[in-house]
Amino acid sequence: MIKPLPYLFLLPALLGFLLSLGVPLVLVGQLSFYQTDYVVTRFIGLANYRAILEDRAFIQSILNCLQYALMIVPLQIVGAVGVSFMVLDAPKRIRDAARFVFYVPHLAAGVVIARTWRWMFAYDGVVNYALGAVGIEPVEWLIYRGSAMSAVTVAIVSATVGTYMIIILGAMMAVPREIIEAARIDGASHGQVRREVILPSIVPAIGLCALLGMLGAMQMWETARYLTAGAPAGGSATMAMDIVSTGFEAGKHGLAAAKGVVMIAIVGALALVKRRAEG
Amino acid sequence: MRKIAFIPTAIAAVVLALFAWTAYGEGRAEAKPMEIVVLHAPTTKIPENTIYKGPLKGGDLWTAALSQVRPDITVRKIAVDLSTGAAMTMDALVASGQAPDVYLDAAMRTAKYMVPGFALALDKYVGDWDDFFPGGLDAVRRGGKIYGIPWATWLTTMNTNTDLLARAGYEVKPGWSIEDFLAMCRKVKALGDGSSGTYLFAGNQSSDQWWMPWFAAFGARYYAVGDYSRNTLNSPQAVAALKFMKSLVDEGYVPRGAASNTDTEALTAFKAGKIATGSMQAAHAVGSGFRYRFVEFPRAPGVAPVGAAAGLTSIIVHESKDEARNKAAALVAWTMTSPEAQRLNVYIVAGSYMSRKSVTDKGLLNERDDEILGVMHKNGVLDMGITMPKFTPIRAMMFPLLQQFYTGKMSAEDVLKTYEANVNEELASK
């Protein structure tokens, strides 16, 4: 016999999902078959999807997002794990303070983070000043693809490592003390306990952080938009930036919707591949 | 079990009660005045150098006038988000079915919406069109009907920081040439304090009137006179202009990072006193802590004087199925452009110039406005195609090319060839 009570409790969340995500997704899918600037609208079938195949800027943005994911996620994981290990054995107040300090940047608006780092990566900014102090020539960070993407990576990692640190540290602290003590009794060193006992135990948490980090990198918009504006010539642009530009600057909302559908498909496929790889 | 069953029942009862109360309240709501929604470009503060000392801000004057004529109309204003230079706010409202009744913005953005069926043909709703300058009316006419009201004209030409130039030992003379300009840049750079002759940016598409006149300074044209069907920029003159702009970057006559710098950074640097020249409106320079003077752009030998870059601001009214709403919205739009509102709202608030012939109060204008208007009267207006319906998507096509050009990844010839192909493809598309 089906019990209605659990579904009644699920109803608000389900309604919220449908209204905020499900219905818009369907409408975007529908819009992708039209050519519209919201003043004049006409049905064009698959023409938008055919146009995407020849849209070099959008294809470049897809490659950029994949590259961002490869650059950002490992740094997020290594940073979060490293900081977590540093405070794992510290007194509680130190751990709590570390959580606070590393999480605070995440609370700032993305625009603020991007603008602050843009100021720091300016030719006469703090980063070049620090490089100059150790005898390195100043770099024009924001006008070359590699350095511009690196700047975005640094901005994202600095703002998000705190979030993943909270997840990873929580997972580390949840490792049963008995296993750690048993390893110590067996003669494992401090480093061996961390490498051979704690790290394998937190692999699910690391997997979750990697998935979240990848999804975030693939959908990134405001940090790249306000730090590099996609310069040079789309070399650091993301899919979301291209979609916003196509829709709201070029006025091609149908094409932007089609690109949105493609973006959802790519991100969904990557998430699925990752879940399958984890078994 | 009874306790557990009570909780969801109680929640459901509260939710149902809330719905019922809301529906009952809506039913009992008294008839409200007709609300006309106005989406407008952000207003600026009243500059200090104005003659108006009254209590009303520019925007309030016309709403006060409106309330005397039609007290049954109220106006709700929404400001446009211009962070990308795009029509994002308007598009979002239209897409959600909440198109504003009245939309006031630069013609480069309103032009897209001047389409029969979307915009209201205003000919039969309001009158005294003869009071408007003909050029402004031409920009809002489609198929012989008038789909917008010219609100204001903004003008830009080259602004010069005369204090910085005096320190560098340079004075701008009328009719100055490209060589004179380069001599000025050398002197400013020689100061050695980080000051630059001018500013170039390609990081965003806004304020492109800052660098677009350089093409005219070398004799290139964006479009043939009166013909916006194809772009004509790709020319030896435009190649020379681009190479000149690149030389400014390579010689260090502009701040570093031209490929990624933005218009906000350009204006900030100018108002901080670090930049000797830059193209802008009079209103943009207000608050600068130094003396400045507007002059014409320098030009290459044999090239005609460069006109003031101009743009029109216009108002459109969204056509509704409710004729009463059409009449009310048309009246609101007309009141916004009344001579009294223009005298204060247009100039003092927006720092632009009037679109009506009858508003010629010289007392409103100051020395800086006279300088800019002087360039326009002497050299005419620079046609960048700003009133074209497709100006917004087209203007986004140059700055990515400039980014590659300034970093040496693209030649001037390739920039212009690619730009021409992209623009003409857009112009030919439906």
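The values are calculated or read from the model by the stated rules, or taken from the named source; none is laboratory data. No experiment lies behind these values; they were computed from the predicted model shown. In this analysis, Cβ positions are derived from the backbone assuming ideal geometry, glycine residues included, and neighbour counts consider all displayed protein chains.
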Give segment B:248-268 a look and list any residue that's crowded, with 19+ Cβ neighbours inside 10 Å, of a type outside the set (A, V, I, L, M, F, W, C) and not in a helix (DSSP H, G or I), or say none. B:Y253, B:P255, B:G257, B:S260, B:N261, B:T262
For segment B:225-247, which positions are away from chain A (no Cβ under 14 Å), in a helix (DSSP H, G or I) and in contact with a helix residue (DSSP H, G or I) (Cβ under 7 Å, 6 or more places away or on another chain)? B:A238, B:V239, B:A241, B:L242, B:K243, B:F244, B:M245
Among (1) over 20 Å from A:A98 (Cα atoms); (2) surrounded by 16 or more Cβ atoms within 10 Å (Cβ to Cβ), which single condition is A:P176 missing? (2)
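Looking for whichever is buried (at least 16 other Cβ atoms within 10 Å of the Cβ), of a type outside the set (V, I, T) and within 14 Å of chain B (Cβ to nearest Cβ) here; the options are A:F58, A:F102. Which one fits?
Working: A:F102 fails: within 14 Å of chain B (Cβ to nearest Cβ).
Just one listed residue meets the conditions, A:F58.
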Name the single residue that is surrounded by the fewest Cβ atoms within 10 Å (Cβ to Cβ) among those in segment B:193-224 being outside any loop (DSSP other than H, G, I, E, B) and free of Cβ contacts under 8 Å to residues at least 40 places away in the same chain. B:A224
Of everything in segment B:275-298 that's within 19 Å of B:K187 (Cα to Cα) and of a type outside the set (A, V, I, L, M), which residue is surrounded by the most Cβ atoms within 10 Å (Cβ to Cβ)? B:G278
Residues being within 30 Å of B:L120 (Cα to Cα) and in contact with a strand residue (DSSP E or B) (Cβ under 9 Å, 6 or more places away or on another chain): count how many of those fall in segment B:284-321. 11
Could you say whether any residue in segment B:283-295 is hydroxyl-bearing (S, T, Y), more than 23 Å from B:E413 (Cα to Cα), within 14 Å of chain A (Cβ to nearest Cβ) and part of a loop (DSSP other than H, G, I, E, B)? no
Residues satisfying the stated conditions in segment B:406-430, i.e. closer than 17 Å to B:S247 by Cβ, within 9 Å of another protein chain (Cβ to nearest Cβ) and assigned to a helix (DSSP H, G or I): B:Y406
Among the residues of segment B:305-316, are any over 29 Å from B:D105 (Cα atoms), crowded, with 23+ Cβ neighbours inside 10 Å and within 14 Å of chain A (Cβ to nearest Cβ)? no
Count - residues of segment B:115-168 that are within 14 Å of another protein chain (Cβ to nearest Cβ) and more than 23 Å from the chain's Cα centre (by Cα): 2
What about A:R50, is it in contact with a helix residue (DSSP H, G or I) (Cβ under 9 Å, 6 or more places away or on another chain) and among the basic types (K, R)? no
Take A:A210 and tell me if it is more than 10 Å from every other protein chain (Cβ to nearest Cβ) and at pLDDT 95 or above. no
Pick from segment B:269-282, criterion at pLDDT 90 or above and in a helix (DSSP H, G or I), ranking: nearest to the other protein chains (Cβ to nearest Cβ): B:A269
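Quick one: in segment B:103-151, which of the residues that are among the basic types (K, R), in a strand (DSSP E or B) and in contact (Cβ under 8 Å) with a residue 12 or more places away in the chain is nearest to B:T335 (Cα to Cα)? It would help to see each step written out before you state the result.
Within segment B:103-151, the first condition is being among the basic types (K, R), and the residues that meet it are B:109, B:112, B:124, B:141-142, B:145.
Now narrow it down to the ones that are in a strand (DSSP E or B): B:141-142, B:145.
Right, trim to in contact (Cβ under 8 Å) with a residue 12 or more places away in the chain and you get B:142, B:145.
Numbers: B:R142: 22, B:K145: 20 Å.
Residue satisfying both the conditions and the ranking: B:K145.
When only residues in segment A:121-132 that are assigned to a helix (DSSP H, G or I) and surrounded by 18 or more Cβ atoms within 10 Å (Cβ to Cβ) count, which is farthest from the other protein chains (Cβ to nearest Cβ)?
Of all residues in segment A:121-132, those assigned to a helix (DSSP H, G or I) come to A:126-132.
Next cut, surrounded by 18 or more Cβ atoms within 10 Å (Cβ to Cβ) only: A:127-128.
On the way: A:V127: 13, A:N128: 10 Å.
Selected residue: A:V127.
Quick one: would you say A:Y103 is without any contact (Cβ under 8 Å) to a residue 12 or more places away in the chain, among the aromatic types (F, W, Y) and either assigned to a helix (DSSP H, G or I) or touching a Phe, Trp or Tyr at 6+ places or on another chain (Cβ under 7 Å) (or both)? Working first, answer last.
On the way: without any contact (Cβ under 8 Å) to a residue 12 or more places away in the chain: no; among the aromatic types (F, W, Y): yes; either assigned to a helix (DSSP H, G or I) or touching a Phe, Trp or Tyr at 6+ places or on another chain (Cβ under 7 Å) (or both): yes.
Criteria not met by A:Y103.
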Looking at (1) under 26 Å from A:M239 (Cα atoms); (2) more than 14 Å from chain B (Cβ to nearest Cβ), find the lone condition where A:A97 falls short. (1)
Would you check if A:D89 is over 27 Å from the mean Cα position of the chain (by Cα) and of a type outside the set (V, I, T)? yes
With the condition kept exactly as written, say whether any residue in segment B:400-415 is closer than 14 Å to B:L233 by Cα, in contact (Cβ under 8 Å) with a residue 12 or more places away in the chain and in contact with a strand residue (DSSP E or B) (Cβ under 8 Å, 6 or more places away or on another chain). no
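One line per residue, one yes/no per condition, for (1) in contact (Cβ under 8 Å) with a residue 12 or more places away in the chain; (2) surrounded by 23 or more Cβ atoms within 10 Å (Cβ to Cβ); (3) more than 14 Å from chain B (Cβ to nearest Cβ):
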{"position": "A:G191", "(1), (2), (3)": "no, no, yes"}
{"position": "A:I198", "(1), (2), (3)": "yes, no, yes"}
{"position": "A:M214", "(1), (2), (3)": "yes, no, yes"}
{"position": "A:A224", "(1), (2), (3)": "yes, yes, no"}
{"position": "A:A229", "(1), (2), (3)": "no, yes, no"}
{"position": "A:S236", "(1), (2), (3)": "yes, yes, no"}
{"position": "A:D242", "(1), (2), (3)": "yes, yes, no"}
{"position": "A:F248", "(1), (2), (3)": "no, no, no"}
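When you scan segment B:299-345, how many residues do you find that are among the aromatic types (F, W, Y) and part of a loop (DSSP other than H, G, I, E, B)?
In the first step, residues of segment B:299-345 are kept if they are among the aromatic types (F, W, Y); the result is B:334.
Still in the list and also part of a loop (DSSP other than H, G, I, E, B): none.
Qualifying residue count, segment B:299-345: 0.
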Per the list (1) out of contact with any strand residue (DSSP E or B) (no Cβ under 6 Å at 6 or more places or on another chain); (2) farther than 16 Å from A:L66 by Cβ; (3) within 14 Å of another protein chain (Cβ to nearest Cβ), residue check on A:G254 breaks on (1)
Would you confirm, using the coordinates I've provided, whether A:V83 is modelled with pLDDT under 95 and either of a type in the set (S, T, N, Q) or in contact with a helix residue (DSSP H, G or I) (Cβ under 7 Å, 6 or more places away or on another chain) (or both)? yes
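Under 26 Å from A:R118 (Cβ atoms) and touching a strand residue (DSSP E or B) at 6+ places or on another chain (Cβ under 7 Å), is that true of B:A259?
Working: under 26 Å from A:R118 (Cβ atoms): yes; touching a strand residue (DSSP E or B) at 6+ places or on another chain (Cβ under 7 Å): no.
Spelling it out, it is not the case that B:A259 is under 26 Å from A:R118 (Cβ atoms) and touching a strand residue (DSSP E or B) at 6+ places or on another chain (Cβ under 7 Å).
Restricting the search to segment B:257-268, which residues are under 19 Å from B:M184 (Cβ atoms) and within 11 Å of chain A (Cβ to nearest Cβ)?
Once the filter is applied, which keeps residues that are under 19 Å from B:M184 (Cβ atoms) and within 11 Å of chain A (Cβ to nearest Cβ), segment B:257-268 yields only B:A258.
In segment A:29-50, how many residues are within 11 Å of chain B (Cβ to nearest Cβ) and under 24 Å from A:G230 (Cα atoms)? Before you say what the answer is, go through the steps one by one.
Step one: filter segment A:29-50 for residues within 11 Å of chain B (Cβ to nearest Cβ), giving A:31, A:35-42, A:44.
Filter again for under 24 Å from A:G230 (Cα atoms), leaving A:37.
The qualifying residues number 1.
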